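This report concerns only the one structure given below.
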Amino acid sequence: MLTEETRKERISHMMSLAKVYRGWTSTQLAAALGREPTRAVPATGNPKLDLLERLADALDWETGEVAESLVSDDPSGEGSPTAVGSGLATRAGGPDRAVTAACADIDAMSFPELDVGAQRSHRSGSYAEMQSIALRMRQLANTGRERAIAANRLAGAYDGLGRYTRVLTCVREALSEEEIGDDLRLMLMVNLANANYTLWNLQESAAVSRGLLAEFESEPPRGRLERVARAFCLSISGHSQRRILARCDSEREARRRALEAERDLVAAERQYAELASEFDDAQYLGLANTARGGALEARVAAGLVPAEDAIEEIVSRLEHAIDVAAHGVPHLLESWGWWSVFGANIAMRADRDAARAAGACDAERGDLEQAIAICTNKAAEIAEHLDLWPMRERAFTLEWFRRQQVVRTRPEELATWTLDTDDVRVLVGTMGRFPLFRPMGWAILHHAEIIESVA
């Protein structure tokens, strides 16, 4: 049982994280929490539901996740959360939650008009606006199909905002409706697989995508929508199997899954390339390139390609993304970010294998560590430029594992990890969006040195 002082300390720490994440002053935080600045932390250390909800909103976490972090015996696995933000300069701004004036009159719009507006907002990346439209669509929906459409639009908004657990909830809500049409149900099933993949529910994402692919085997796709759905399912299935490699308990299982991943990703690359050629869509080119990189990682895991050859190819191809600000095709730039992740994965496995081998060459391990650092830094750079939360999660995770692997020979690696306020902002946002990452996030905060950002 936590003491009153410990509970108050936990709340204070979470509020400090919210300040850094939003770039708020203490006064702004208190206003957002509906509290007096001098009495923001409850005197009893027992926050009421409204404070939990407001704190969760400030952090972009779910309410239950904030509550769990406040009452857990050890949320970090290393002791209480590290205090941040005290005495640190916070930057103005933070995540933009404003809804543009373009849809200020949504109350007067019909359901079809709102649906057009939601799609327009999605294309322009105005996800907060899309969220407001979708919530209004939910109020107006009268049929099962309309309710499913509204839920799917809301899922699209949450996906753009990085609220992936909410995406999963919305998609499941939509799929519970009856008589929604085969086209919409297919789209929702693909979104279900993708949401599970994003949240690292890999058994679920693999099962859903393979089930859809089995349906396409019995009845080939007709039209662009079904062709895209099949390519996407191949990609999700292949990448799910690729990620599951880290959880395999035997070499035999790992090789089987690696071969399955390679097969699906090669097929996905081919189908996306065909779609890109036919419809002149850069998004398909990016997805094809991502599938190509994932297939290369799978080939290495299956023993078909030497790790050093794959790493050399990946580092060479990353020259396409040297200047991320000047890169003109976001979808292709994102794909190079994922190539960076694949390269770090390959190098990390090779370094782990070298460490286990008797008489491992220090020079070889040094080269692998350098490759991991290059790939991880590039993934983090692209993730920040494109505002990609899943890639941010990978960059933090890979850097943590890299430091864990070398800590036996260089224990100062963890002690010298420094994070500025911008790094903490991104880390806190990542912790809120990926529940499975949260224990690692607490551990990073526990070990890292927090420094003030230089304006």
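The values are calculated or read from the model by the stated rules, or taken from the named source; none is laboratory data. What you see is a predicted model, and the numbers here were worked out from it, not measured in a lab. When we count neighbours, we look across all protein chains shown, and the Cβ atoms used for this are built from the backbone with ideal geometry, even at glycine.
So which of Ile106, Ile149 is of a type in the set (A, V, I, L, M, F, W, C) and modelled with pLDDT of 95 or more? Give the steps one after another, and end with the answer.
Numbers: Ile106 fails: modelled with pLDDT of 95 or more.
Of Ile106, Ile149, the one residue that is of a type in the set (A, V, I, L, M, F, W, C) and modelled with pLDDT of 95 or more is Ile149.
Would you check if there is a residue in segment 297-307 being at pLDDT 95 or above, of a type outside the set (Phe, Trp, Tyr), within 21 Å of the chain's Cα centre (by Cα) and within 16 Å of Tyr197 (Cα to Cα)?
No; the residues of segment 297-307 include none that is at pLDDT 95 or above, of a type outside the set (Phe, Trp, Tyr), within 21 Å of the chain's Cα centre (by Cα) and within 16 Å of Tyr197 (Cα to Cα).
Working only within segment 231-264, note down all residues that are more than 21 Å from Val300 (Cβ to Cβ) and surrounded by fewer than 22 Cβ atoms within 10 Å (Cβ to Cβ). It would help to see each step written out before you state the result.
Kept after step one, since they are more than 21 Å from Val300 (Cβ to Cβ), are these residues of segment 231-264: 231-233.
Hit for segment 231-264 is Phe232, nothing else.
Please identify the pairs in which a residue from segment 288-302 that is within 11 Å of Ala258 (Cβ to Cβ) has its Cβ atom under 7 Å from the Cβ atom of a residue that is crowded, with 24+ Cβ neighbours inside 10 Å and β-branched (Val, Ile, Thr), counting only partners at least 6 apart or on another chain.
Hits for this filter: Glu297/Ile346; Val300/Ile346.
Looking at the structure I just gave you, is Gly181 within 24 Å of the chain's Cα centre (by Cα) and not aliphatic (A, V, I, L, M)? Write out each step before concluding.
Numbers: within 24 Å of the chain's Cα centre (by Cα): no; not aliphatic (A, V, I, L, M): yes.
Spelling it out, it is not the case that Gly181 is within 24 Å of the chain's Cα centre (by Cα) and not aliphatic (A, V, I, L, M).
Of the residues that make up segment 268-275, is at least one of a type in the set (Gly, Ala, Ser), surrounded by 19 or more Cβ atoms within 10 Å (Cβ to Cβ) and over 16 Å from Ala231 (Cα atoms)? Lay out the reasoning, then the answer.
From segment 268-275, those of a type in the set (Gly, Ala, Ser) are 268, 273; that's our starting set.
Going one step further and asking which of them are surrounded by 19 or more Cβ atoms within 10 Å (Cβ to Cβ), we end up with 268.
The next check asks that each one be over 16 Å from Ala231 (Cα atoms); those that pass are none.
No, segment 268-275 contains no residue that is of a type in the set (Gly, Ala, Ser), surrounded by 19 or more Cβ atoms within 10 Å (Cβ to Cβ) and over 16 Å from Ala231 (Cα atoms).
Could you pull out the residue among Ser209, Ser218, Ser235 that is polar (S, T, N, Q) and over 25 Å from the mean Cα position of the chain (by Cα)?
Numbers: Ser209 fails: over 25 Å from the mean Cα position of the chain (by Cα); Ser235 fails: over 25 Å from the mean Cα position of the chain (by Cα).
Step by step, each of Ser209, Ser218, Ser235 is checked, and only Ser218 is polar (S, T, N, Q) and over 25 Å from the mean Cα position of the chain (by Cα).
Does Phe434 meet the test of being modelled with pLDDT of 95 or more, buried (at least 22 other Cβ atoms within 10 Å of the Cβ) and over 25 Å from Ala350 (Cα atoms)? Write out each step before concluding.
Values: modelled with pLDDT of 95 or more: yes; buried (at least 22 other Cβ atoms within 10 Å of the Cβ): yes; over 25 Å from Ala350 (Cα atoms): yes.
Yes.
Sort out which residues of segment 108-139 are surrounded by fewer than 16 Cβ atoms within 10 Å (Cβ to Cβ) and either among the aromatic types (Phe, Trp, Tyr) or part of a helix (DSSP H, G or I) (or both), and write them in order of number. I'd like the intermediate steps shown before the answer.
So the first thing to find is which residues in segment 108-139 are surrounded by fewer than 16 Cβ atoms within 10 Å (Cβ to Cβ), and the list is 108, 110, 112-113, 116, 119-120, 123-125, 135, 139.
If the condition is that a residue be surrounded by fewer than 16 Cβ atoms within 10 Å (Cβ to Cβ) and either among the aromatic types (Phe, Trp, Tyr) or part of a helix (DSSP H, G or I) (or both), then Ala108, Pro112, Glu113, Val116, Gln119, Arg120, Arg123, Ser124, Leu135, Gln139 are the ones that fit.
Could you tell me whether any residue of segment 160-174 is closer than 24 Å to Pro435 by Cβ, in contact with a Pro (Cβ under 6 Å, 6 or more places away or on another chain), modelled with pLDDT of 95 or more and in a helix (DSSP H, G or I)?
Here is the first cut: in segment 160-174, the residues closer than 24 Å to Pro435 by Cβ are 160-174.
Of the ones still in play, those that are also in contact with a Pro (Cβ under 6 Å, 6 or more places away or on another chain) are none.
No, segment 160-174 contains no residue that is closer than 24 Å to Pro435 by Cβ, in contact with a Pro (Cβ under 6 Å, 6 or more places away or on another chain), modelled with pLDDT of 95 or more and in a helix (DSSP H, G or I).
Of the residues that make up segment 395-404, is at least one modelled with pLDDT of 85 or more, within 22 Å of the chain's Cα centre (by Cα), polar (S, T, N, Q) and within 24 Å of Glu369 (Cα to Cα)?
yes
Scan segment 29-70 for residues that are in contact with a Gly (Cβ under 6 Å, 6 or more places away or on another chain) and part of a loop (DSSP other than H, G, I, E, B) and report the count.
Total meeting the criteria: 2.
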